[in-house]
Structures are given as structure tokens and as C-alpha cells.
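Below: one structure, written as C-alpha cells.
The values are calculated or read from the model by the stated rules, or taken from the named source; none is laboratory data. This one's a predicted model, so the numbers in the text were calculated from it and none came from an experiment. Here the Cβ positions follow ideal geometry from the backbone for every residue, glycine too, while neighbour counts run over all protein chains shown. The area values use the complete protein model at the heavy-atom level, side chains included, leaving out ligands, DNA and RNA. Shrake-Rupley method; radii C 1.70, N 1.55, O 1.52, S 1.80 Å.
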Amino acid sequence: MIETKDKILLGMLDLIAETGLEKASIGRLCKKIKVSPGNVYFYFASKVELLNTLYHYCIADLMESLNLETYINISKEAEYSEYTTLMEKLVKNIIIFYRANPNMLNFVITSKSSCYLSDEIKKGRFKGTVTLNSFWEKSIDRGIIKDVSTEFILAFMLGVVYEFMKEDIIFQNISLDDNKIDMLNDLIWSGLLVENRVIS
């Protein structure tokens, strides 16, 4: 059986998808998931705290789905193609995750400019992805990726992926089939790879 705290978080995700972030009130949430306000306030002091926890929950769920040990454990001496294959898989796996969790995608995108998220989250949005830093640093040391900050790499990659996923899942203006995902990978990594080498 689902824990009450998780029930509240997942219920809020569904409610935001239905009503939008502004109209997703604690009162509406309680009616939707059939819990008392006291249950919600036992875990979260306010809507702000609930949404900040929900943001961390979504990022943690994404990171758990990405099999990060492969990225952490790659050898500095690994072949160029091993690095670029992992980069390509990363984009594909993020897309697979958000296809399976469209409400998380909707929340992460709509909350980015929200007044509800704390400055700590807005300024350190990629702290949840710190596990990938060693992979990016090895890629830079090997001369595979341009010498830019890990925050820049993540902001660029996730920004592009989120925009395309928004058009695909939320607005349904495009359909990211395998060919388009390959093209998206080429677009992302050709901007970051040294000498604009495209993933083949």
C-alpha cells in the first residue's frame, strides 16, 4: 500500500496536471486524494514546502532510473565510443522516463519559473544530478567534451530535452520517434563535443 506522504506527492502531481500549478491548492488536493488537511500538514507545513519536496522527489526518481553507476564507473581510459554511447543513452533514458511520467515532466517544466520553488532549488537545480559530475569531468579530461562547467553541460542538455519533450508530450506538436531522438542527440552533443564531432 502506498505511504501517505507518497500519496500526497503523487496526488499533487496529478492535480497540477489537471488544474495548473496556481490552482493546485491544498484543499483541492485533499478532496482529490481523500485525506484530511491535517494529514497533509503533518508532512508539509505549506504548499511551498510540499512543492519543494515534490521537486526533489521528481529529480530523485529521474536519477534513480538512469543507471548512474555505469557513468560513475567508466574508466578514464575507456574508448571514445563508450563515452559517446553513454551520452546518447542518457538522453534516450531521460526521454523514456518522462514518457512514462508525463506529470513529472509537466511539473518540472512549469515549476522552473514558479514563485513556489525556493531560491536554493532555483540556484542549485542540478545538485540532484551531481552524481554525473565525475562522468562529465572524465569526458572533459579525455578531450571528448569541451572544457565547460558541469552545470553548463546539464543546463544545455536538459534544457533542450525538456523543450522537445514539452512539444512531444504536453503539446503533442511533434512525435519523438527513434529517428528524431537520434537527431536530437546529434543536435545536443555536436554543440558540446570537441571539434563538433557528431555521435555516429
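Averaged per residue, the chain has 52 square angstrom of accessible surface, using a 1.4 angstrom probe with ligands and nucleic acids left out.
Among the GluC sites (Glu not before Pro) in region 1-61, which ones are in a DSSP loop with at most 13 other Cβ atoms within 10 Å of the Cβ? Mind listing them?
For GluC sites (Glu not before Pro) across region 1-61 that sit outside H, G, I, E and B with at most 13 neighbouring Cβ atoms in 10 Å, the list reads GLU3, GLU22.
The share of Cα pairs per 10 Å bin across region 43-103, counted from zero up to the longest distance, runs 19, 38, 26, 14, 5, 0 percent. Cα axis of helix 178-192 to longest principal axis of the chain: angle in degrees, 0 to 90, nearest 10? Between the helix axis and the principal axis of the chain, the angle is about 70 degrees. Among the protein heavy atoms, those of THR84 account for about 10 Å² of accessible surface (1.4 Å probe, every chain in place).
Between the Cα long axis of helix 4-19 and the first principal axis of the chain there is an angle of about 80°, rounded to the nearest 10. For LEU86, put the label point 7 Å out on the Cα→Cβ axis and report which residues of region 147-169 keep their amide N under 19 Å from it. Answer for region 147-169: 147-158. Sites listed here are trypsin sites (Lys or Arg not before Pro) in region 38-111 whose DSSP assignment is loop and whose Cβ has at most 15 other Cβ atoms within 10 Å: LYS76. Per-residue ellipticity at 222 nm, computed for the chain from helices alone with -39500 (n - 2.57) per DSSP H run of at least four residues, works out to -20500 deg cm²/dmol.
What shape does region 68-166 take by its C-alpha gyration tensor, where a ≥ b ≥ c are the square roots of the eigenvalues and a/c under 1.5 counts as rounded, a/b above b/c as prolate, and the rest as oblate? Prolate is the answer for region 68-166, as a/c is 1.5 or above and a/b outweighs b/c. Note on the chain: with neighbouring protein chains present and a 1.4 Å probe, carbon and sulfur make up 52 percent of its accessible heavy-atom surface. Each 5 Å bin from zero up to the one holding the largest Cα-Cα distance in region 1-157 carries the following percent of pairs: 1, 8, 17, 18, 16, 13, 10, 7, 5, 3, 1, 0. Relative to the longest principal axis of the Cα atoms of the chain, the long axis of helix 47-65 makes an angle of roughly 40 degrees. Spacing of the modelled spin labels on ASN39 and VAL130, each 7 Å from Cα toward Cβ, amounts to 3.4 nm.
Backbone N atoms of region 87-126 closer than 15 Å to the 7 Å Cα→Cβ label point of GLN172 belong to residues 102-103.
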